[in-house]
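One structure is given here, and the rest of the page talks about it.
The values are calculated or read from the model by the stated rules, or taken from the named source; none is laboratory data. Treat the numbers as computed from the prediction; the structure is a model and nothing was measured. Glycine also receives a Cβ, built like all others from the backbone with ideal geometry; neighbour counts cover every protein chain displayed.
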Amino acid sequence: MESKHPDQYIAAREMSCIILLIIGCDYATIGEWLRISVHAVEKYLRTVQMRLCCRNRRLLMIKILGSSLGSKLPKIYDEVVPRNNAKFSLMRKILRNYLTCYRCLINSFDD
């Protein structure tokens with residue numbers, strides 16, 4: 001069954017992986033930031049994909065961005081992504097830009 005509220009099914013560690021994936025990080029970078037193995041990153045993302053009925057990572061990102069979580073991602077990013085990396089602020093700006101672009105794209109379909 002497809003969920004209309006994906007935020008209720010996603011754990012903090014899974015959300016960290018999703019946010020870094022949306023920003024454009026590969027599995028190795030996500031693992032390095034979160035201090036977990038690449039295999040663990042794959043497992044977290046695969047689990048969320050199955051839970052939210054997404055065939056691939058792109059659909060997962062679209063579903064997350066289009067959900068109620070979309071506008072909350074910068075705040076969630078601050079809470080779940082460790083600040084142990086010098087690129088923390090830059091990545092947060094990239095996330096905000098992605099969200100702005102996503103909203104513009106969605107609004108263009110509404111016209």
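Of all the criteria given as (1) surrounded by 19 or more Cβ atoms within 10 Å (Cβ to Cβ); (2) under 20 Å from residue 102 (Cα atoms); (3) in contact (Cβ under 8 Å) with a residue 40 or more places away in the chain, the one not satisfied by residue 54 is (3). Across the range 12-39, the qualifying residues are those that are surrounded by fewer than 16 Cβ atoms within 10 Å (Cβ to Cβ) and farther than 23 Å from residue 96 by Cα, and the one among them that is modelled with the lowest pLDDT is 35.
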